[in-house]
Structure formats: structure tokens, C-alpha cells
Amino acid sequence: MPELPEVETIRRDLTPLLVGRRVTRVRIHAGGERLAITDPPRVFERRLQGRGVVGIDRQGKYLLLRLDDGWTWVIHLRMTGSIVHVPAEAPLGRFERARIDLDDGSTLRFNDLRKFGTWHLVEDAAEAMPHSGPDALSEAFTPEWLLSRLRGRSTSVKAVLLDQSVCAGVGNIYADEACWIASVDPRTEASRIGPVRARRLHAAVLETLGASLANRGSSFSDYRDGLGAAGLHHVRVHVFRREGQACERCGGIILKARVAGRGTHFCPRCQRK
DNA sequence: ACTATGCCCTGGGTGC
DNA sequence: TGCACCCAGGGCATAG
């Protein structure tokens, strides 16, 4: 499941390969009908054809391909999507949903087992992500901002961390990891978090995202970088999918519970409510 | 305004 | 071996 570190790794991989290139042909395969949100598949293909890529940005988990007509091609990978740069002759993948041919003879393949990924072609990227707040790595994401969004809420800390209007880019893996680093029980009612723990949580979010980014992301299942390789960070996590194992900080047994509708991993001994 | 739930989708795992 | 079920979860719509 690509979250901020994974999407940023892809952005960095694809930037030198795509910027300055022109799209010569796009094919959304049968079965990929739901991929293009803003237009029917054939219209989407035609509108991208001939467009040059002038830059790639990222906002939260969204990849923003800036086009030479001023529009933006907004890509979201959801859980199982990947976008990989390969030679034209590379075989059709089992879960390939679309193929983009570039003017240097190379191609991009959009793979997505579960077909949750989305493409938008929009004049203003905000149209495609109306609920997105400050990116977790932006200067707008501050301890004060996080505290203001925790205040007065009866929901769990985990639910607030997963809220893309609070810290865009944090998903299930890094919400659990941040809670562990900050020694906060993810089930804690948000309103119980004061300035001290809000500051710790804020620092923990930056720490876990930074560590994963340095390892090119986590590949628990389908995530692949822009060149098709797995990330390296999944073996370095503290709690995510480590239920039943010993907490490396206190020796407690890591539990798994359902919090905010998501599988949630934490150490009940050293993570406090 | 806030909160919880269900939907989309398919492969992999489990239990009988 | 086969089959039915459950689980994974990001973002959105909907209900309460």
C-alpha cells in the first residue's frame, strides 16, 4: 500500500525519466474502465496523447504529472497500484491496466490488482483531491496544527492521523509506526492528547516517514518503485504486522486490534492511553 | 459538525 | 482437492 514514502520514491524515480518526454500513445486496457475518473477511457487516452511532461509533484499520496498545456494528470495508486518505467518490449503484466508510450521509445505500465487506482485529468490539481490538507512533509504540518486537529475530538488518535485533511500522506503503516515511536496508544481519544504528546506525535510522523523514505519505502505486498523494484523498509518497522512478536522497546507482546476500521498494531505495555 | 459504516475489488489464506 | 468464506484498506458516499 503506497503511502507518502512510497509515492515520493516513485516521484523521484520517474522525474528524470519523464520530464521533457512527450506521451505518444495511451492505452487503458479492458478491465481498466474505472481508472479514468474525469473522462471515458477513449477520451482520456486521446486527451493525453501528444502532451509533454514538464514536472512531477506530489501531494500526500497523489502523484501530480504537470503537462505542457498547464493541466495536471493526477494519479492515485490506492492499495495495489504501481507505475513502472520499462522498455517498450516488456511483456504485458498480469495486472496491467494501462500502458503509456513515450517519445523516446520507453513505456510506463500502470498495474493494479484490485482496480482501486484513479486517474484525473484536471486544470487545477485540487479538483482531484478536494479533501487533502497539508502534506506531512510540508512546513504547514506543524505540532500546533496537529494539536488543533486533535482538540475536542472524541475519535481515536489513529483516526486523526489517517485523516488526509490533517496530515496528507500518512496511511495505515505509518500511523501505527508513529504511535509506537511516540509511545501513544492508537486507541487513545484524540482530545486526551495535549501539547506535549502532540509534539511527540508530530516528530514521530516525520521520523517514520523519513526513515522509510531513506529505505525507498515498504513493500508489504504490491508496492514497487518507479523501476519495478521493492522497497527495503518493511523489515525495519517496529509494530506493523508484527502482532505476537516482542516489542523491541519493552519486551511486551505486540497486539493487533481494529481501530478506525483498520488493522492496528501496537504494544499495550509501553504505548499509553 | 462529527462519527461510524459500507462500498469498491481480487488474490491469498483458512476452515470444513 | 474443493469450496465457501474472510481479510487486506484509501477515499468517498451515506446514515445517524
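Could you work out the helix-only [θ] at 222 nm for chain A, with each DSSP H run of four or more residues adding -39,500 (n - 2.57) and the total divided by the number of residues, to the nearest 500 deg cm²/dmol?
Values: 6 runs with 67 residues, N = 273.
-7500 deg cm²/dmol, from helical runs alone.
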Karplus-derived 3J(HN,Hα), 6.51/-1.76/1.60, for each residue of the stretch A:85-94, Hz, glycine and proline x: 8, 9, x, 4, 7, 4, x, 5, x, 4
Other-chain or far-sequence residues with amide H under 5 Å of A:HIS238's (modelled H): none
For peptides A:234-242, A:34-42, sequence by mean Cβ density within 10 Å, most packed first: A:234-242, A:34-42
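State, as an integer percentage, the relative contact order of the stretch A:173-273 based on alpha-carbon contacts under 8 Å between residues 6 or more apart. Don't jump to the answer; show the numbers that get you there.
Working: 153 pairs, mean separation 32.2, N = 101.
It comes to 32 percent, rounded to a whole number.
Rounded, prolate or oblate: which fits chain A, taking a ≥ b ≥ c as square roots of the Cα gyration tensor eigenvalues, rounded meaning a/c under 1.5, else prolate when a/b beats b/c? Don't skip to the end; give the middle numbers.
Working: a/c = 2.37, a/b = 1.83, b/c = 1.29.
Since a/c reaches 1.5 and a/b is larger than b/c, the shape of chain A is classed as prolate.
What does the charge count near A:SER218 come to, summing +1 for each Lys or Arg and -1 for each Asp or Glu among other residues with Cβ under 13 Å from its Cβ? All intermediate terms of the calculation are to be shown ahead of the outcome.
On the way: positive: A:ARG216, A:ARG224, A:ARG236, A:ARG241, A:ARG242; negative: A:GLU3, A:GLU6, A:GLU8, A:ASP176, A:GLU177, A:ASP222, A:ASP225.
Its environment carries a net charge of -2.
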Amide H contacts of A:ARG97 (H built 1.01 Å from N, under 5 Å, at least 5 apart or other chain): A:PHE110, A:ASN111, A:ASP112
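What shape does the stretch A:135-273 have by the C-alpha gyration tensor, where a ≥ b ≥ c are the square roots of the eigenvalues, rounded means a/c under 1.5, and otherwise prolate means a/b greater than b/c and oblate the rest?
It is oblate, given that a/c is not under 1.5 and a/b is not larger than b/c.
Values in this text are rule-based calculations from the coordinates and carry no lab data. These figures come from a predicted structure and were not determined experimentally. Here Cβ is always computed from backbone atoms with ideal geometry, including for glycine, and neighbour counts include all displayed protein chains.
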